[in-house]
Amino acid sequence: MFARWSAAAVLLTALAVSPAHADAVANFYKGRQVNLIVGYGPGGGYDIYARLLARHFSQFIPGHPAVIVQNMPGAGSMRAVNYLYNVAPKDGTTIGTFARNMPLIGLLGSNANAQFDARRFTWLGSASSFVHDAYILIVRKDAPVKSIDEARRSDLPPLVLGATAEGATGSDVPIILRDTIGLHVKQVMGYPDSASIFLAMERGEIHGRVVDLSTVKSVKPEWLKPDSDFRVQFARATRHPDFPDVPTARELAKNEAARALIELAELPYALSRPFAAPPGVPAARAKALQRAFMAMQDDPQYLEDAAKISVDVSPISAEEVVRAIDRIEVAPPELLDYVRKLLGQTRGGG
């Protein structure tokens, strides 16, 4: 297995770029454009992070190329991942951000549409490791069930939750909650982006959704009043300090096997807002992009702009992303099989 990591290891352990290489990188990027592919439509959490990065990334890349966001929604960001891996130029002029669960889906091999190897991307890092965030179930006050206990009863109407596509985090997490905590849900999929799901909630077309807490803080902060609705916290080992009365999925798990499955499904959140370039980017340019990504995370203006829109900044490096993927790969086989079968059983369902 370790041989498959050799290229990534060489890249990630390279020494700082030499002055000659730095000049070559600057000469390459000067006057060019870096396209930032976003696997979702405008207005959602991934798009918000991408546009924040696009405003600041250029000043940290040698040669200061323009950074232009291009939205490429489809199949829960699978379309963008496959494009980045198989089609996009491998010269360092294209980078992308996509669903945090894409490496898990690729490693499981349960989705025939996943035409990529997560180990081979040129990882830049993740803008958030989720330590200050949570993935929450948020529901309208007029939903037919009024508590988590009622939402787990099969004799009551199901919660109707919206999502973009099969394989997206917003559709997989309700499935996992169904099988691990007994949540009684029905999913409506096919919304083009996060903004359209929020609109569907406002119109009463659906009862709720699962979504990043940081996204709600940024886009719909009024929905987070203590008495606004009920929630479950996912991707949290402990309750978020802002919501000490809201239980975590781990607390609600039906048994130890269910809790172990939840913990495995939560692993991708360590790379909550991943950014990557295609495989095969020249080493000096790859190193320059990785260094620029991490340098930006400490920039006062970047941090100020992030605070204005209430997004979490808890970055991890490219090397840490690789380690997170490694932890997924070496999870117990029975848990990987469980997730593989679980996701496979629900494709095409609703």
What's the number of the only condition in (1) open to solvent by 10 Å² or more (accessible area, probe 1.4 Å); (2) under 30 Å from Ser314 (Cβ atoms); (3) modelled with pLDDT under 90 that Ser129 fails to meet? (3)
Looking at the stretch 144-181 only, could you name the residues that are under 14 Å from Ile206 (Cα atoms), open to solvent by less than 20 Å² (accessible area, probe 1.4 Å) and assigned to a loop (DSSP other than H, G, I, E, B)? Val145, Ala163
Residues satisfying the stated conditions in the stretch 112-121, i.e. of a type in the set (Gly, Ala, Ser) and open to solvent by 10 Å² or more (accessible area, probe 1.4 Å): Ala112, Ala114
Given (1) buried (at least 19 other Cβ atoms within 10 Å of the Cβ); (2) modelled with pLDDT under 95, number of the condition Leu53 does not satisfy: (2)
Selection from the stretch 88-106 of residues that are closer than 25 Å to Asp212 by Cα and either open to solvent by less than 20 Å² (accessible area, probe 1.4 Å) or assigned to a strand (DSSP E or B) (or both): Ile95, Gly96, Thr97, Phe98, Ala99, Arg100, Asn101, Met102, Pro103, Leu104, Ile105
Single unsatisfied condition, Gln187 versus (1) farther than 12 Å from His207 by Cβ; (2) at pLDDT 90 or above; (3) outside any loop (DSSP other than H, G, I, E, B): (1)
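Regarding Gly109, is this residue more than 15 Å from the chain's Cα centre (by Cα), over 20 Å from Tyr302 (Cα atoms), surrounded by 22 or more Cβ atoms within 10 Å (Cβ to Cβ) and touching a residue at least 24 places away in the same chain (Cβ under 8 Å)?
no
Residues in the stretch 253-264: is at least one under 28 Å from Arg51 (Cα atoms) and among the polar types (S, T, N, Q)? Walk me through it before giving the result.
Residues of the stretch 253-264 under 28 Å from Arg51 (Cα atoms): none.
No; the residues of the stretch 253-264 include none that is under 28 Å from Arg51 (Cα atoms) and among the polar types (S, T, N, Q).
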Taking first residues from the stretch 21-44 that are closer than 17 Å to Tyr83 by Cβ and second residues anywhere that are open to solvent by 10 Å² or more (accessible area, probe 1.4 Å) and of a type in the set (Phe, Trp, Tyr), the pairs with Cβ under 8 Å that are 6 or more apart or on different chains are Ile37/Tyr83; Val38/Tyr46; Gly39/Tyr46; Tyr40/Tyr46
Could you tell me whether the stretch 277-299 includes any residue that is part of a helix (DSSP H, G or I) and within 21 Å of Leu104 (Cα to Cα)? no
Would you call Leu264 surrounded by fewer than 20 Cβ atoms within 10 Å (Cβ to Cβ), among the hydrophobic types (A, V, I, L, M, F, W, C) and within 18 Å of the chain's Cα centre (by Cα)? yes
Give the number of residues within the stretch 188-241 that are among the aliphatic types (A, V, I, L, M), under 18 Å from the mean Cα position of the chain (by Cα) and within 14 Å of Gly43 (Cα to Cα). 5
Mind listing whichever residues of the stretch 279-303 are under 18 Å from the mean Cα position of the chain (by Cα) and buried (at least 23 other Cβ atoms within 10 Å of the Cβ)? Phe293
Looking only at the stretch 247-257, which residues are in contact (Cβ under 8 Å) with a residue 60 or more places away in the chain and buried (at least 19 other Cβ atoms within 10 Å of the Cβ)? Ala249, Leu252, Ala253
Quick check: anything in the stretch 213-235 within 28 Å of Arg327 (Cβ to Cβ), part of a loop (DSSP other than H, G, I, E, B) and touching a helix residue (DSSP H, G or I) at 6+ places or on another chain (Cβ under 7 Å)? yes
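Quick grid of which residues meet (1) touching a strand residue (DSSP E or B) at 6+ places or on another chain (Cβ under 6 Å); (2) in a loop (DSSP other than H, G, I, E, B):
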position: Pro62; (1), (2): no, yes
position: Val67; (1), (2): yes, no
position: Gln70; (1), (2): yes, no
position: Pro73; (1), (2): no, yes
position: Met78; (1), (2): no, no
position: Tyr85; (1), (2): no, no
position: Ala112; (1), (2): no, yes
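The values are calculated or read from the model by the stated rules, or taken from the named source; none is laboratory data. Quantities reported herein were computed from a predicted structural model and do not represent experimental measurements. No Cβ is skipped: glycine too gets one built from the backbone with ideal geometry, and neighbour counts run over all protein chains shown. We work out accessible area using only protein heavy atoms, side chains counted, and drop any ligands, DNA or RNA first. Shrake-Rupley method; radii C 1.70, N 1.55, O 1.52, S 1.80 Å.
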